[in-house]
Structures are given as structure tokens and as C-alpha cells.
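Data block below; observations after.
Computed from the coordinates by the stated procedures, all read-outs in this text should not be read as laboratory data. Given the structure is predicted, the values throughout are model-derived calculations rather than measurements. Cβ sites come from the backbone with ideal geometry, for glycine too, and all protein chains shown count toward neighbours.
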DNA sequence: TTACATACCGAATCTTTTTTCGGTTATTGT
DNA sequence: ACAATAACCGAAAAAAGATTCGGTATGTAA
């Protein structure tokens with residue numbers, strides 16, 4: 001990984017949460033694993049527009065913070081499968097609410113988006 | 001603003017939500033406004049570690065997507081005050097849940113953080 | 001043994017986001 | 001009139017985060 005230059009404030013709940021699942025694909029990965037898609041390659045196929053490398057990296061971070069764990073603890077990685085830890089499962093209700101909000105507001109946001117683009121073309 | 005190079009997928013609820021309130025300070029700003037801190041300068045003082053410029057910019061984005069609105073519509077900005085729109089208020093329950101999760105897991109994350117730093121120092 | 005799929009990783013590059021800096025304009029208080 | 005405060009903006013720079021590319025290693029199956 002890389003070293004952060006700017007100190008982060010982990011006394012703020014919002015910042016803690018974003019640190020753990022704020023990455024671009026993290027919630028998508030958590031969602032996939034929750035749906036039973038446990039292997040990196042399958043997660044990548046599910047999300048599609050994310051590259052394999054991103055999945056690997058975000059998975060590694062989720063692993064390092066104990067959100068997911070490797071369940072096939074073979075000596076060497078062959079059929080790695082990831083699953084949510086108990087802590088990881090506590091994210092699910094939050095994920096659901098975020099997803100619901102986004103889905104409910106999707107049309108509105110798309111419209112706004114379109115209007116802003118139109119306005120910027122002058 | 002800047003032009004995005006990578007197309008974004010607004011058919012995914014998670015992505016829509018993150019587009020609207022995924023910025024580093026957006027939820028903090030929404031929270032502040034909800035607490036009755038309505039003026040940019042006061043929001044900045046509340047958050048402190050965020051610069052004035054960031055507050056302005058994120059506020060401008062929240063405004064452009066209809067999350068907040070300017071309520072003192074004077075001819076020229078003097079005592080600008082922002083408040084949440086109806087749409088903006090629908091974010092509050094999500095914000096609360098995210099904040100709660102972060103607060104509940106703060107100690108755990110800090111510990112993990114510390115362990116990871118220790119491990120990386122060899 | 002050969003070919004292929006899977007799991008990873010390092011490093012360079014590119015994109016996005018945040019920060020810093022130095023302004024302008026207008027208002028308020030003295 | 002003058003100083004101080006507030007709102008806001010443009011542009012450059014820095015930082016963070018994501019993507020691409022090209023690799024290694026291992027297991028599986030023909």
C-alpha cells in the first residue's frame with residue numbers, strides 16, 4: 001500500500017465508515033460475497049466494469065480490516081474463497097440502506113445530471 | 001468542475017448514493033446543516049480540519065444536485081445560509097446509520113490500523 | 001508435458017479529488 | 001473612510017485512488 005500524507009480523523013464515525021467501505025468497489029464486493037459469489041474471478045465477472053486488479057486490491061484491504069476472510073485456508077492459493085466475517089455482516093444493513101437510497105433517487109439524479117450537462121454546454 | 005473521463009454507472013444504487021454524498025466532507029456538511037449550522041463560515045469552523053475552499057466546493061455540489069438550497073436569496077451573497085431540501089432530508093437516516101456503524105466500529109478499526117502499521121514497520 | 005485458468009503482485013500511469021494560495025466583491029462595525 | 005469579516009472563485013499543486021500492463025506461481029485438465 002501507500003503511506004498517507006494527511007492525517008485521518010478516526011474519531012468521526014462517518015470517516016471510520018468511509019475508510020472501511022468507502023472505496024469505489026468495496027460495497028459492490030461485499031454485496032457480491034453476500035450473494036454467494038465468493039471467488040475473486042467470479043466477483044470480477046459479476047461487477048464486470050471493474051478490473052481484476054481493483055477487485056484484488058480492494059479485497060486485500062477488506063481482508064486486512066477484517067471485513068472478509070479467506071475460508072479455503074489451503075497452503076497455497078488455488079481456489080480462494082472469501083466470506084464475510086461477523087463484523088463484515090454488520091455492514092449489510094448499512095449497505096442495503098445506501099443502495100435503497102440510491103435506487104430511489106436514481107432518476108432524480110440522472111435528470112439533474114442531464115440538466116447540469118446541458119447548462120454547461122453554452 | 002472537471003470533465004469525467006470514465007463513464008459512471010448510475011444504474012447502481014450504491015454508485016448513485018456515493019455520487020451525491022460520497023465526497024470526503026459531504027456527510028459532515030449535511031450533518032452540520034441539520035444541526036442548525038447554516039452558514040459556510042460556521043460550517044468550516046465546525047469541521048475545522050477542512051479548509052474553507054473545500055466547504056465551498058462541496059456545498060456548491062450539494063446545491064447543484066438539490067441536496068441543499070440557499071435560503072437567504074439576497075441579490076448578493078452576504079449572509080448566505082444553506083438548508084436541507086426535502087430530498088436532502090432523506091439522506092439523514094442513511095447518514096445516521098453510517099455514523100452509527102463507524103462509531104460502533106471505531107475502536108476495532110483503530111486497533112486494526114495500529115496492528116497493520118506495526119506489521120509494516122519491519 | 002503442454003495449455004490454460006486462477007490468484008496474486010509491483011510499478012507506472014492516469015483520473016479524480018482535495019488542498020493550498022492568492023485573489024475579488026460586498027457587508028458590517030468603528 | 002477604514003479595517004475586519006464573509007462569500008466566493010480560478011488555478012496550480014498535491015494527494016489519493018483507480019487502472020493498465022506485464023509479470024510469477026500454482027493447480028487442473030487434456
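Tabulated values for the structure
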{"item": "Using alpha-carbon coordinates, inclination of helix B:92-120 to the longest axis of chain B, degrees", "result": "40 degrees"}
{"item": "Residue closest to axis [chain A; rotation mapping onto B; Cβ; Å]", "result": "A:97, 3"}
{"item": "Sites residue B:100 and residue A:81 - FRET efficiency at Förster radius 25 Å, r taken between beta-carbons, to 0.05", "result": "0.25"}
{"item": "Cα long-axis angle, helix B:52-64 against chain B (0 to 90 degrees, to the nearest 10)", "result": "70 degrees"}
{"item": "Centroid-to-centroid separation of segment B:23-56 and segment B:85-122 [C-alpha atoms, Å]", "result": "18 Å"}
{"item": "Relative contact order (%) - criterion: Cα under 8 Å, at least six apart; region: segment B:13-120", "result": "22 percent"}
{"item": "Theoretical ellipticity at 222 nm over chain B - DSSP helices of four or more residues, -39500 (n - 2.57) apiece, nearest 500", "result": "-18500 deg cm²/dmol"}
{"item": "Per-peptide average of other Cβ atoms within 10 Å, ordering A:18-31, B:4-17 highest first", "result": "A:18-31, B:4-17"}
{"item": "Inter-probe distance in nm under a simple model that places probes 7 Å from Cα toward Cβ, at residue A:69 and residue B:119", "result": "1.4 nm"}
{"item": "Inter-site label distance for residue B:42 and residue B:56 at 7 Å from Cα along Cβ, in nm", "result": "2.0 nm"}
{"item": "Highest-fluctuation residue, A:103, A:85, A:38 considered, GNM on chain A with Cα pairs under 10 Å", "result": "A:103"}
